[in-house]
Amino acid sequence: MKPYVYITRKLPQETLAELQEIAEVEMWMEEEKPVPRSILLEKANKAAGLLTMLSDRIDEELLRQAPYLKAVANLAVGFDNINVEASSKYGVTVCNTPDVLTDTTADLAFGLLMAAGRRITEAAEYIKDGKWNSWSPLLLAGTDIHHKTLGIVGMGRIGEAVARRASGFDMKVLYHNRRRKIETEERLGLSYRIFEDLLKESDYIVCLTPLTPETKDLFNEKAFKMMKDTALFINVSRGGVVVEEALDRALSEGWINGAGLDVFREEPINPDHPLLRHPNLTALPHIGSASTETRLKMARLAVSNIAHVLQGIKPPAAVNT
Ligand code: DGY
């Protein structure tokens, strides 16, 4: 009998071939709605593999009820929705989708930076709302991007890709990372700063750090108060690194100039959330890696990760083996 694999969101059939050869594959067919927890638990109970989204919680409660489970493959590079330690305890290999989304996510991060700096979404709404009466010298004037200082918090693969884009805009690039990376600094012409100095010196701050117990609430009131009042804050990692009440105050009281967010503490964010009322906040619905090409690559990689584990072969992207 073939092992059973459950996929928690509808993926294109063409990405499933590698798995369908060796497993019985079932998929949650609703594109817009996540699989309800009760169904996920029921499926996990008989599954050897789960292909999960970042909105699915893979915790001890689920792992305890999943006696046959060998692999959990997240369709994301981030895996803060999965209890990796508990997975290891239960002998479950956790996989993610690094590399294939690096450039796509960096494109979006840089696009969000540009949108925030040059007020692009605000300007687009302005014209569609019929407010454009005449050209005027300072109408919707934003902030330059070229020759400014960019501070990247989290210098992993996506951080490097953002730094490369910034060099094309003649930006000075500072970075902060848990561990200093001398080779990367030399190769890309970056300067390392301690977190506080990066906040004080940067015109644009881009957060790319994964969500961990150490980075949770990293961008709090103290951090926003350290930034220049002209600074723009961009987050494309996870909402949990930002204290949203603090950012709300930072925008209301002019501690910083604006923000661009692709991620929120609770997703989808409630449309009545106070943050969304700020004209100087550009908000996107977690689309960092959302190009068709990249999402197909991510799906194929996640499928391949599970297929490898089920065949007893080292998967291309495991985080706990
Ligand atoms: C990831 O891969 O972690 C992204 O947030 C998904 O777009």
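Structure values in brief
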item	result
Only one of Asp129, Asp107 that is of a type outside the set (Phe, Trp, Tyr) and within 16 Å of the ligand (Cβ to nearest atom)	Asp107
Filter result for the condition that a residue is in a helix (DSSP H, G or I) and of a type in the set (Gly, Ala, Ser), over Ala223, Ala259	Ala223
Every pair of residues 6+ apart whose Cβ atoms lie under 6 Å, when the first sits in the range 268-292 and is more than 16 Å from Glu245 (Cα to Cα) while the second is among the acidic types (Asp, Glu) and away from the ligand (no atom under 16 Å from the Cβ)	Pro279/Glu122
In the range 25-36, the residues that are surrounded by 15 or more Cβ atoms within 10 Å (Cβ to Cβ) and in a strand (DSSP E or B)	Val25, Met27
Qualifying residue in the range 45-52 (condition: within 16 Å of the ligand (Cβ to nearest atom), within 20 Å of Arg238 (Cα to Cα) and assigned to a loop (DSSP other than H, G, I, E, B))	no
Close pairs from the range 296-316: first touching a residue at least 40 places away in the same chain (Cβ under 8 Å), partner surrounded by fewer than 20 Cβ atoms within 10 Å (Cβ to Cβ) and of a type in the set (Asp, Glu), Cβ under 7 Å, at least 6 apart	Val303/Glu18; Ser304/Glu18; Ala307/Glu18
Filter result (more than 20 Å from the chain's Cα centre (by Cα) and closer than 18 Å to Ala109 by Cβ) within the range 223-237	Met227, Ala231
Number of the exception - Leu41 against (1) in contact with a helix residue (DSSP H, G or I) (Cβ under 8 Å, 6 or more places away or on another chain); (2) under 23 Å from Leu62 (Cα atoms); (3) buried (at least 20 other Cβ atoms within 10 Å of the Cβ)	(3)
From Leu108, Leu113, Leu69, Leu41, residue being on the phi < 0 side of the Ramachandran plot and assigned to a loop (DSSP other than H, G, I, E, B)	Leu69
Neighbours by Cβ (under 8 Å, 6+ apart or cross-chain): first from the range 214-226, touching a residue at least 24 places away in the same chain (Cβ under 8 Å); second part of a loop (DSSP other than H, G, I, E, B) and aromatic (Phe, Trp, Tyr)	Phe224/Trp255; Lys225/Trp255
Hits in the range 115-162 - residues which are closer than 20 Å to Arg277 by Cα and either outside the structural domain of Leu199 (by TED's automatic domain parsing) or within 26 Å of the chain's Cα centre (by Cα) (or both)	Ala115, Ala116, Gly117, Arg118, Arg119, Ile120, Thr121, Glu122, Ala123, Ala124, Glu125, Gly142
Residue check for Thr149: touching a Lys or Arg at 6+ places or on another chain (Cβ under 6 Å) and either within 16 Å of the ligand (Cβ to nearest atom) or modelled with pLDDT of 95 or more (or both)	yes
In the range 263-299, the residues that are under 26 Å from Ala318 (Cβ atoms), surrounded by 19 or more Cβ atoms within 10 Å (Cβ to Cβ) and in contact with a helix residue (DSSP H, G or I) (Cβ under 8 Å, 6 or more places away or on another chain)	Val263, Gly288, Ser289, Thr294, Ala299
Residue satisfying all of: in the range 243-276; within 16 Å of the ligand (Cβ to nearest atom) and charged (D, E, K, R); nearest to the chain's Cα centre (by Cα) among these	Asp262
Where a residue in the range 133-160 is closer than 15 Å to Leu188 by Cα and its partner, wherever it lies, is among the basic types (Lys, Arg) and modelled with pLDDT of 95 or more, with Cβ under 8 Å and at least six apart	Thr149/Lys172; Leu150/Lys172; Gly151/Arg193; Met155/Lys181
Search result, residues across the range 225-242 that are crowded, with 24+ Cβ neighbours inside 10 Å and either of a type in the set (Ser, Thr, Tyr) or away from the ligand (no atom under 16 Å from the Cβ) (or both)	Ala231, Leu232, Phe233, Ser237
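The values are calculated or read from the model by the stated rules, or taken from the named source; none is laboratory data. Every value quoted in this text rests on a predicted model; they were computed, and no experiment measured them. As a convention, Cβ positions derive from the backbone with ideal geometry for all residues, glycine included, and neighbour counts pool all protein chains shown.
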